[in-house]
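Enquirer: A single structure is presented below for examination.
The values are calculated or read from the model by the stated rules, or taken from the named source; none is laboratory data. The model shown is predicted, which means the values in this text are computed figures rather than measured ones. Using ideal geometry, Cβ is built from the backbone for each residue, glycine included, and neighbour counts are taken over all protein chains shown. Ligands, DNA and RNA are stripped out before the accessible areas are found, and what is left, the full protein with its side chains, is counted by its heavy atoms. Shrake-Rupley method; radii C 1.70, N 1.55, O 1.52, S 1.80 Å.
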Amino acid sequence: MSLFNSFLLLLCTVSFKIAHGGLIVGLRCPSASTTATTSFFKPSLEYRGNRLQRSIPSRISFAATSADTALSSGADGSLQNKTSRDEQRDMQSLLRWARKNGIHFADGVELQKNPNNGGWGVMATQPLRKGTKALVVPRKLVVSSPSTEKLVKGEFDKAFGILQKADVYDYKPEFLLVVRMLLEHALGEKSNYHVWVQSLPSTFSTGIWMDEFEQSFLTKDSRVVLDLQQRQYDAFFKAAQTLSDERIQSIFAKNDGGTIFQWAFSVVFSRSWRYSGDEGSDAVSNIVPLGDMFNHSGERANAGVQDFLSEDSYLELTQDVSKGSELTISYGVPYNQFRLLVVFGFFDIGCEEIFSNMNFPGKDQDEALVDMGCTDPSKLVFRVDAGLAANAVWDASLYIALSSNPKEQRALHDAHLRGDRKAKSALHAKHNLQASVLLGEHVRKTINELYPSQLMGVELKQEDYEQHSNLRMIIEHNRWMRVAFGRVFDRVNGMVQQEIKK
């Protein structure tokens, strides 16, 4: 596996393992919104480059695509396919089922169609205060991975062995949830979750639902995530077939058994979250009925899961919310757009930061880079709107630029350890040209390698979009990312030109 792929898989793994107060939350990652403030994004992150007097516009542009029914933009800025799927979902029956089973929304909180995109979401119908328990779900209704082994007949040893052989045993909790969803589907009306299961989307726009033509337009980083998802899918499918429970086997005996399995896999990876208990205990993945109706909002999330271990599970507001606002959580790692695209089937055009793709051999073994935060993806980010680079990006660029000057490298590291901002600033000013040239070259290379012109869809025709429902979303993601990196390149290039003129 290449160094690039290894790093992206690490970044993706981080998405699944966000530490929060002893809680490891993953997949949808409500912990990133629970506190969230999230350990990934710090409002105190500092950016350099704003000494330019004006914002330099990106020189990279594309012909606008028509705003038709293929895409939907939510209040949170997410961009995804818009189809009739949501209109076909029976939400009234779901709400009756929820009330019957003790699930309840707080006063002023309702499940509604979002007027901005026509999709379902959780809305505030009156002003709400921080700390409000927006949704309360009895613990007994949480669909939890450990319960699967108790409810499904037979042994799991052979299935777990297949996961280990495929190197996806870390995703055992998600496998168990997939099996649980297959069980609930097989039980039909006999399942206590039947109404909820029937309310779920029947198809998805995630990576494993994309056809080959659509996948051919995924960027290199998106392909890495898709390859991991495909490996998980193949291993889960093979492992589930070894289970002796006749209810599970009845799924595979159906003509559409493969589609049902694909549905179960997608439900789990797009609607569950993970946490760990005490040290040494197995991780657990859960799906909370109706909790899965909270949409993503990255850095602007206003709600989060606060408790999964007591009698009731609930989602609590993390800030005051005005009437008419959508209540949202974060699905984790808001700067990781390619993960959102492949795992969840959308990307967030309203996100504030993107990963800089700063990666270089041996960086994780360099203690100085570790000390300066230059190996932490959450710090190696670019500001989308203004094309600014976080200070950790500049520190990394300067440190690498000084590779032939170990004395100055040590001076930079020592200044950081002492918290001597004045000394660090002096070093940055002294070597600004070298650092800017290195960073500019990195951004240029990233644009050419990850977002080349052939992935921008310039030769696609209207019928291509009509025949491939996910294509427009993929192309818009690629264009949006290329433009975002283009802003950074223009700003850094402007700094290089200023340094040359001095």
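Enquirer: Going down the list Lys133/Lys172; Lys150/Lys190; Lys158/Lys238, which pairs span over 21 Å between their C-alpha atoms?
Expert: Beyond 21 Å between Cα atoms: Lys133/Lys172.
Enquirer: Separation of region 92-116 and region 337-389 by C-alpha centroid, Å?
Expert: 37 Å
Enquirer: Per 0.36 nm of contour for each residue apart, how much would the distance between Glu499 and Glu466 grow if the chain were fully extended, relative to their Cα-Cα spacing?
Expert: 7.0 nm
Enquirer: Between region 392-422 and region 142-158, what is the C-alpha centre distance in whole Å?
Expert: If you average the Cα positions of each part, the centres end up 52 Å apart.
Enquirer: Calculate the tail of P(r) for region 407-460: the fraction of all Cα-Cα distances greater than 13 Å, expressed in %.
Expert: The proportion of pairs with Cα distances above 13 Å equals 69 percent.
Enquirer: Further, regarding this structure: Does anything in region 187-203 have its amide N under 16 Å from the 7 Å Cα→Cβ label point of Arg96, and if so which residues?
Expert: Taking a point 7 Å out along Cα→Cβ of Arg96, the residues of region 187-203 whose backbone N falls under 16 Å are 189, 193-199.
Enquirer: Positive end of the charge dipole of region 305-416 (Lys, Arg +1 and Asp, Glu -1 on Cβ, about the Cα centre): tell me which of Phe382, Ser404, Val333 has its Cα farthest that way.
Expert: Ser404
Enquirer: While we're looking at this one, here's another question. Go through Lys445, Lys501 and list them by solvent-accessible area, largest first, probe radius 1.4 Å.
Expert: Solvent-accessible surface, decreasing: Lys501, Lys445.
Enquirer: Rounded to the nearest 0.05, what FRET efficiency do Asn116 and Glu155 have when you use their Cβ-Cβ distance and R0 = 60 Å?
Expert: After rounding, the FRET efficiency stands at 0.75.
Enquirer: Compactness ratio of region 78-348: Cα Rg over 2.2 N^0.38 Å, N = residue count?
Expert: On the way: Rg = 18.4 Å, N = 271, 2.2 N^0.38 = 18.5 Å.
So region 78-348 has a normalised radius of gyration of 1.00.
Enquirer: Return, for the Cα atoms of region 353-501, the radius of gyration and Dmax in Å, separated by a comma.
Expert: According to the Cα coordinates of region 353-501, Rg and Dmax are 18.1, 60 Å.
Enquirer: Need the full-extension length gain, Ala386 to Val458, defined as separation in residues times 0.36 nm minus the C-alpha distance. One decimal, nm.
Expert: Result for the pair: 23.4 nm of gain on full extension.
Enquirer: Also: I need two numbers for region 218-303: Rg to one decimal and Dmax as a whole number, Cα atoms only, in Å.
Expert: Taking only Cα atoms of region 218-303, I get Rg and Dmax of 16.2, 46 Å.
Enquirer: What is the local net charge at Trp97, summed over the other residues whose Cβ is closer than 15 Å to its Cβ (Lys, Arg +1; Asp, Glu -1)?
Expert: +2
Enquirer: Pop out the carbon and sulfur fraction of the accessible area of region 353-501 as a percent, whole number, probe 1.4 Å. Please report the intermediate quantities before stating the final value.
Expert: Working: 3100 of 6430 Å².
The C+S portion of the solvent-accessible surface of region 353-501 is 48 percent.
Enquirer: Turning to a different aspect of this structure: Report the full-extension gain for the segment Ser244 to Val370: residue separation times 0.36 nm, less the Cα-Cα distance, to one decimal in nm.
Expert: Additional length available on full extension: 40.5 nm.
Enquirer: Along the Cα→Cβ direction, 7 angstrom out, place labels at Arg418 and His194. What is the inter-label distance in nm?
Expert: It is 7.3 nm.
Enquirer: May I pose another question? Can you tell me which aspartates and glutamates have their Cα less than 12 Å from the Cα of Lys379? Leave out same-chain residues fewer than eight positions away.
Expert: Glu46, Glu353, Asp395
Enquirer: Just the number please: accessible area per residue for region 155-244, 1.4 Å probe, all protein chains included, in Å². Mind showing how you got there, number by number?
Expert: Working: 3740 Å² over 90 residues.
Here the residues of region 155-244 average 42 Å² of exposed surface.
Enquirer: Where only protein heavy atoms count, and the probe is 1.4 Å, what is the accessible area per residue for region 353-501 in Å²? Spell out each step's value before the answer.
Expert: Details: 6430 Å² over 149 residues.
For region 353-501, the solvent-accessible area averages 43 Å² per residue.
Enquirer: Could you give the spread of the C-alpha atoms of region 100-202 along their three principal axes, from largest to smallest, in whole angstroms?
Expert: 52, 32, 27
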